[in-house]
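J.: One structure, pasted below without further comment.
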């Protein structure tokens, strides 16, 4: 779904480039590759190099994206759910009996279900540094880990604790349920159909990849050990990718909004150019992609300019409810030698990803900074209006009734609670007062659908701001208005 034509403009692009350069210097990032897209079309991209080791990245250069991998694993699990192979409410030992011993150490602990692993609520301890050093653990190592006992931070289902191990166990569940590694399913179901041609589970053998660094004692030093390979915990963070491929993945996820009637294409087409990723829909239903981006577990609040934002976790994605931008979805990635982030404003269509090659580079801070910069320049795309024909028709009929009251027409328009809630005689008098305040006639300035069954009507007045009426439809068909009321902020 397309927003109005969107351009950042040369002055804003220059300001973004300057901000990224300053950020790279401040946070000792040897390089940062970045890109911005709107509705799946790249609007700006580039790279900043602070430590010149001969690598000059582009939007097609490879970095390790670490925990951004989790969204791919979650998508694979949902695709199996959609096929009936498993249920998110299945106990994990239903598919992997060897995991029966994985249980919180209290008598009344709930069994761990696939949904708990997806939402980080199994009760495992937060394990970022530990998990980062165990990506390549093999089957026997995972078996030994389970056998020796997993440490719990709390009872299953009671709280959010970020767990890389949980996503490793998702990989084990998928392997037992299907006989195949989740990595192979991800490659087959998403990387290939979506043409993510430079996204791999193994370190690329070409030279167009960022070498990992660590900032130590005021200097960049190579990140010592070779990056870990593709093992049993890799479903939590093993992928290598590029700005172009990540933006294509984001386009695929965000194209699930808004919900709509048009059919998904049977198969995605190859992109015409790497700078203009398409958003094919075939590998996973839009409904399941939206489900990934719902806030399934509250994780806390964040103070942003203007208001407090509410944060939560979906399935392999972090979700924020922001008064200024609506729903903002994303995920960070961090491994020894790398840091990355992807972020998109669902209702606005704007997305950004940034990849760097220094240990735990705070790319989430950078994407937030750039979003704030775009807000400061009043350059964010405008949210698309909700397609809600019932709301628009009900608004038109309500305004006509308020302008010329008729009890019979009211009976046809209103649900059966309206007259008992407030007699028609009083409603008629109220409507006449509203009509006088609008200069003797009602002229609709705008109808704003807040849902498919509720909305706001803005009526012009001779002076000042529009007069606003809010209304909502009743649950019983045929659609009728159950409530309407004046909202006057003057």
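J.: In region 130-167, which residues are touching a helix residue (DSSP H, G or I) at 6+ places or on another chain (Cβ under 7 Å) and part of a helix (DSSP H, G or I)?
T.: Of everything in region 130-167, those that are touching a helix residue (DSSP H, G or I) at 6+ places or on another chain (Cβ under 7 Å) and part of a helix (DSSP H, G or I) turn out to be 131, 142, 143, 146, 164, 165, 166, 167.
J.: Can you tell me which of (1) surrounded by 15 or more Cβ atoms within 10 Å (Cβ to Cβ); (2) more than 24 Å from residue 459 (Cβ to Cβ) is the one residue 399 doesn't meet?
T.: (2)
J.: Residue 13 - would you say it is part of a loop (DSSP other than H, G, I, E, B) and either in the same structural domain as residue 168 (by TED's automatic domain parsing) or closer than 26 Å to residue 350 by Cβ (or both)? It would help to see each step written out before you state the result.
T.: Details: part of a loop (DSSP other than H, G, I, E, B): no; either in the same structural domain as residue 168 (by TED's automatic domain parsing) or closer than 26 Å to residue 350 by Cβ (or both): yes.
So residue 13 does not fit the description; no.
J.: Looking at the structure I just gave you, is residue 397 touching a strand residue (DSSP E or B) at 6+ places or on another chain (Cβ under 9 Å) and assigned to a helix (DSSP H, G or I)? Let's see the steps before the verdict.
T.: On the way: touching a strand residue (DSSP E or B) at 6+ places or on another chain (Cβ under 9 Å): yes; assigned to a helix (DSSP H, G or I): yes.
In short, yes.
Residue-by-condition table, conditions (1) surrounded by fewer than 17 Cβ atoms within 10 Å (Cβ to Cβ); (2) within 24 Å of residue 88 (Cα to Cα); (3) free of Cβ contacts under 8 Å to residues at least 24 places away in the same chain; (4) under 25 Å from the mean Cα position of the chain (by Cα):
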position: 139; (1), (2), (3), (4): yes, yes, no, no
position: 150; (1), (2), (3), (4): no, yes, no, no
position: 156; (1), (2), (3), (4): no, yes, no, yes
position: 173; (1), (2), (3), (4): no, yes, no, yes
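J.: Can you find a residue in region 241-261 that is in a strand (DSSP E or B), buried (at least 24 other Cβ atoms within 10 Å of the Cβ) and either modelled with pLDDT of 95 or more or more than 20 Å from the chain's Cα centre (by Cα) (or both)?
T.: Step one: of region 241-261, the residues in a strand (DSSP E or B) are 241.
Okay, now just the ones that are also buried (at least 24 other Cβ atoms within 10 Å of the Cβ), so 241.
Then keep just the ones that are either modelled with pLDDT of 95 or more or more than 20 Å from the chain's Cα centre (by Cα) (or both); that gives 241.
Looking for residues that are in a strand (DSSP E or B), buried (at least 24 other Cβ atoms within 10 Å of the Cβ) and either modelled with pLDDT of 95 or more or more than 20 Å from the chain's Cα centre (by Cα) (or both), one finds at least one in region 241-261, hence yes.
J.: Identify, please: which residue in region 439-449 is out of contact with any helix residue (DSSP H, G or I) (no Cβ under 8 Å at 6 or more places or on another chain) and in a strand (DSSP E or B) and is, among those, surrounded by the most Cβ atoms within 10 Å (Cβ to Cβ)? It would help to see each step written out before you state the result.
T.: Of the residues in region 439-449, the ones out of contact with any helix residue (DSSP H, G or I) (no Cβ under 8 Å at 6 or more places or on another chain) are 439-440, 443, 445-446, 448.
Still in the list and also in a strand (DSSP E or B): 445-446, 448.
Values: 445: 13, 446: 13, 448: 17.
The qualifying residue surrounded by the most Cβ atoms within 10 Å (Cβ to Cβ) is 448.
J.: In addition: Check whether at least one residue in region 470-485 is under 33 Å from the mean Cα position of the chain (by Cα) and over 15 Å from residue 394 (Cβ atoms), and report yes or no.
T.: No: region 470-485 contains no residue that is under 33 Å from the mean Cα position of the chain (by Cα) and over 15 Å from residue 394 (Cβ atoms).
J.: Go over the candidates 457, 444 one by one and state the one that is under 34 Å from the mean Cα position of the chain (by Cα) and assigned by TED's automatic domain parsing to the domain that holds residue 399. First the steps, then the outcome.
T.: Values: 444 fails: under 34 Å from the mean Cα position of the chain (by Cα).
After ruling out the rest, the residue left standing is 457.
J.: Limited to region 376-409, what total is found for residues that are touching a residue at least 60 places away in the same chain (Cβ under 8 Å) and within 25 Å of residue 22 (Cβ to Cβ)?
T.: 2
J.: Look through region 405-437, keep the residues that are assigned to a loop (DSSP other than H, G, I, E, B) and in contact with a helix residue (DSSP H, G or I) (Cβ under 9 Å, 6 or more places away or on another chain), and return whichever of them is surrounded by the fewest Cβ atoms within 10 Å (Cβ to Cβ).
T.: So the first thing to find is which residues in region 405-437 are assigned to a loop (DSSP other than H, G, I, E, B), and the list is 405-406, 415-417, 422-423.
Filter again for in contact with a helix residue (DSSP H, G or I) (Cβ under 9 Å, 6 or more places away or on another chain), leaving 405, 422.
Numbers: 405: 18, 422: 13.
Filtering first and then ranking leaves 422.
J.: Now for a different question. Quick test for you: out of 221, 182, pick the one residue that is free of Cβ contacts under 8 Å to residues at least 40 places away in the same chain and assigned by TED's automatic domain parsing to the domain that holds residue 136. Please lay out each step first, then the result.
T.: Details: 182 fails: free of Cβ contacts under 8 Å to residues at least 40 places away in the same chain.
The conditions single out 221.
J.: Can you tell me which residue among 53, 82, 39, 90 is assigned by TED's automatic domain parsing to the domain that holds residue 350 and under 26 Å from residue 208 (Cα atoms)? Working first, answer last.
T.: Numbers: 82 fails: under 26 Å from residue 208 (Cα atoms); 39 fails: under 26 Å from residue 208 (Cα atoms); 90 fails: under 26 Å from residue 208 (Cα atoms).
One residue alone meets the criteria, 53.
J.: Check whether at least one residue in region 467-475 is in contact with a strand residue (DSSP E or B) (Cβ under 9 Å, 6 or more places away or on another chain), crowded, with 17+ Cβ neighbours inside 10 Å, outside the structural domain of residue 15 (by TED's automatic domain parsing) and part of a loop (DSSP other than H, G, I, E, B), and report yes or no.
T.: Scanning region 467-475 turns up at least one residue that is in contact with a strand residue (DSSP E or B) (Cβ under 9 Å, 6 or more places away or on another chain), crowded, with 17+ Cβ neighbours inside 10 Å, outside the structural domain of residue 15 (by TED's automatic domain parsing) and part of a loop (DSSP other than H, G, I, E, B).
J.: Those residues that are out of contact with any strand residue (DSSP E or B) (no Cβ under 9 Å at 6 or more places or on another chain) and crowded, with 17+ Cβ neighbours inside 10 Å, I need them from region 68-93; list them, please.
T.: If we filter region 68-93 for residues that are out of contact with any strand residue (DSSP E or B) (no Cβ under 9 Å at 6 or more places or on another chain), which is where we start, we get 72-86, 93.
Across region 68-93, the qualifying residues are 72, 73, 74, 75, 76, 77, 78, 79, 80, 81, 86, 93.
J.: Residue by residue through region 104-114, note down the ones that are surrounded by fewer than 18 Cβ atoms within 10 Å (Cβ to Cβ) and either within 30 Å of the chain's Cα centre (by Cα) or not assigned by TED's automatic domain parsing to the domain that holds residue 254 (or both).
T.: Matches in region 104-114: 110, 111.
The values are calculated or read from the model by the stated rules, or taken from the named source; none is laboratory data. What you see is a predicted model, and the numbers here were worked out from it, not measured in a lab. Quick reminder, even Gly has a Cβ in these numbers, built from the backbone with ideal geometry, and neighbours come from all protein chains shown.
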